[in-house]
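Please read the structure below before turning to the comments.
The values are calculated or read from the model by the stated rules, or taken from the named source; none is laboratory data. Since the model is a prediction, treat every value here as computed from it, not as a measurement. Here the Cβ is made from the backbone with ideal geometry for all residues, glycine too, and neighbour counts use every protein chain on show. When the accessible area is computed, the model is the full protein with side chains, heavy atoms only, and any ligands, DNA or RNA have been set aside. Shrake-Rupley method; radii C 1.70, N 1.55, O 1.52, S 1.80 Å.
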Amino acid sequence: MGSWTDDWDGFPASRRRLLQRIAQTRVSNPVVVGGDIHAFFANDLRVDFDDSKSPVVATEFVGTSISASGPNFEAFAAFLPDNPHVQFFDSRKRGYVSVDVDGKQMTTRMRVISEVTDPRASVSTLKTFAVESGKPGAVAV
């Protein structure tokens, strides 16, 4: 993806140390939740993103903005083939992320608003993912 310094790309050494530590200590089901990029993402986090055989050690979900426009979908989508850890991306919809957690899994729903300027707008689920207990990585459901 493109690089800017106010996300993970701005802190590569810190990101690497954090993900290495998660792998070393075998943290059970670590999940990173983020936002402020105005797009939905579901990402598998690897210690080494340049090595497709590097194990997935955590999962990241990013929620979009509720009303602000997102980045250009086509521009970001063009980067996806070079970023196989991205399981899902969409910047065309506005909304939020809803999470349910129990002893077996974390279920994340990417919820979208039909029209941000309509006070009677409907809400629907764009995509649902689960992270199963003991198995890092986003699984579409």
### Summary
Taking the range 64-88 and the residues there that are open to solvent by 40 Å² or more (accessible area, probe 1.4 Å) and closer than 19 Å to residue 140 by Cα, the one that is farthest from the chain's Cα centre (by Cα) would be 81
### Query
What number goes with the only condition from (1) modelled with pLDDT under 90; (2) under 20 Å from residue 133 (Cα atoms); (3) not polar (S, T, N, Q) that residue 30 does not pass?
(1)
### Task
Starting from residues that are over 12 Å from the mean Cα position of the chain (by Cα) and open to solvent by less than 50 Å² (accessible area, probe 1.4 Å), keep the ones in the range 109-128 and report whichever is farthest from residue 67 (Cα to Cα).
121
### Query
Of all residues in the range 45-58, how many are assigned to a strand (DSSP E or B) and either without any contact (Cβ under 8 Å) to a residue 12 or more places away in the chain or more than 19 Å from residue 11 (Cβ to Cβ) (or both)?
1
## Note on the structure
Apart from one, (1) outside any loop (DSSP other than H, G, I, E, B); (2) at positive phi; (3) not charged (D, E, K, R) all hold for residue 29; the odd one out is (1)
### Query
Only one of these conditions is not met by residue 38: (1) more than 21 Å from residue 133 (Cα to Cα); (2) part of a helix (DSSP H, G or I). Which number is it?
(2)
### Task
Please list, ordered by first then second residue, the pairs with beta carbon atoms under 9 Å, 6 or more apart or interchain, first in the range 100-112 and closer than 25 Å to residue 122 by Cβ and of a type in the set (Asp, Glu), second assigned to a strand (DSSP E or B) and open to solvent by less than 70 Å² (accessible area, probe 1.4 Å).
100/106; 100/107; 100/108
### Yes/no for residue 140 being in contact (Cβ under 8 Å) with a residue 40 or more places away in the chain and of a type outside the set (D, E, K, R)
yes
### Message
Any residue at all in the range 13-24 that's open to solvent by less than 30 Å² (accessible area, probe 1.4 Å) and under 20 Å from residue 105 (Cα atoms)?
### Response
yes
### Query
If you go through the range 89-108 one residue at a time, do you hit one that is within 23 Å of residue 31 (Cα to Cα), among the small types (Gly, Ala, Ser), in a strand (DSSP E or B) and under 15 Å from the mean Cα position of the chain (by Cα)?
yes
